[in-house]
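I have placed the structure first, in the form of structure tokens, so that the comments after it can refer back to it.
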DNA sequence: GATATTATGACCTTCTTTGACCTTAATTAA
DNA sequence: TTAATTAAGGTCAAAGAAGGTCATAATATC
């Protein structure tokens, strides 16, 4: 984890883990100071690492008393899965978006690490690009199929 | 073993042997510098010498903090997987042949039932046929990648 | 000599970092 | 009670820092 963005991400996830309410509130300026970086670097980290796919919501407020609130969402297993599928996947899915979603499923322990690695493998642009007209469409389709199969009771004991 | 590519290969395998995690992380630029060669020479070595068939997986990341990660696959005793990849799978694979192979891997407890279901899903003709010119070629490629990934030590503890 | 392998360089894509400038909210002064 | 000031956070473009690709040149190999 050499770079700044990764370190900030790590730090935020660490304090999120400690917060049992499931969210943290802090100031952008404080973070920027803490990591000796431009304040906009914080926004960069938030928009690239704390996305909906990855299971986070970020709220904020400007002006005096302004703040950032980073909320970690849980996936309760009550069929909201299907909604997630439809909303998040759509008709097309880039490698990056697919990987984000897989990481999320891994964090939620819906996938094992081995499964995550296998699935990431088959979604790799490198493997698909020259063989398929539209890899994004295939990924969306496969992702839905995979999620459906994961939900099957008969294979989850 | 006089040429550059061979020396780079040798060097990488040496440091891989020293790494008890089963992988090494390093920078392409550093390697190119180290061997006084064009950076693309490193890619040449990676694509010709560190393939799945030969028992390696390579991951990478661009941009600041970018890196190459070369993973040495945990070799099964007789190099069973390598043979499987080269001989059994070849360049094309029908749904039927793929399913047979998956069943066998399941029987041998190389795959879990869930994994088998997931993988069969993505190999289904129904999902691939209308989107891809040659599903058999894609299956062969994906199957090799999957086999490689399940040999990774870092995800099998 | 023909073919296969290896090496290079020009150009491309992706990811990160910074800084200048903008918007919004709270506080304070007139 | 406005109006000005201050204190936040937001946006965007440009520069920097990696790795990737591909055509071509150079070398081995047969």
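Just so it is clear, none of the values below were taken in a lab; they were calculated from the coordinates. Just so it is clear, the structure is predicted and the values come from calculations on it, not from any experiment. Backbone-built Cβ (ideal geometry, glycine too); neighbour counts: all protein chains shown.
Side notes on the structure shown:
- Packing order of peptides A:101-107, B:140-146, A:58-64, highest average first: B:140-146, A:101-107, A:58-64 (average count of other Cβ atoms within 10 Å over each peptide's residues).
- Averaged over the residues of B:138-145, the number of partner chain Cβ atoms lying within 10 Å of the residue Cβ comes to 4.
- Alpha-carbon centroid distance for the pair segment B:96-137 / segment B:20-59, whole angstrom: 30 Å
- Estimated from helices alone, the mean residue ellipticity of chain A at 222 nm is -15500 deg cm²/dmol (sum of -39500 (n - 2.57) over DSSP H runs with n ≥ 4, per residue).
- Legend: mean number of C-beta atoms from other chains within 10 angstrom of residue C-beta atoms, peptide A:4-16, equals 1.
- Each of the peptides A:16-27, A:121-132 was scored by the mean count of other Cβ atoms within 10 Å over its residues; in descending order, highest first, they stand as A:121-132, A:16-27.
- Inter-chain Cβ neighbour average for residues B:120-132, partner chain, 10 Å: 4
- Entry for the protein assembly as shown at q = 0.09, 0.16 Å⁻¹: log10 I(q)/I(0) = -0.56, -1.42, Debye formula applied to identical alpha-carbon scatterers, no solvent contribution.
- Copy-to-copy label separations for residue B:69, where each label sits 7 Å from Cα toward Cβ, in nm and ascending: 3.5
- Residue A:11-residue A:60 FRET efficiency (beta carbon distance; Förster radius 30 Å; 0.05 resolution): 0.95
- Whether segment B:4-72 is rounded, prolate or oblate, judged on the alpha carbon gyration tensor where a/c under 1.5 counts as rounded: rounded
- Between this copy and the others, label points of residue B:103 are 3.9 nm apart in ascending order, each placed 7 angstrom from Cα in the Cβ direction.
- Residue B:53-residue B:86 pseudo-label distance in nm [points 7 Å out on the Cα-to-Cβ vector]: 0.8 nm
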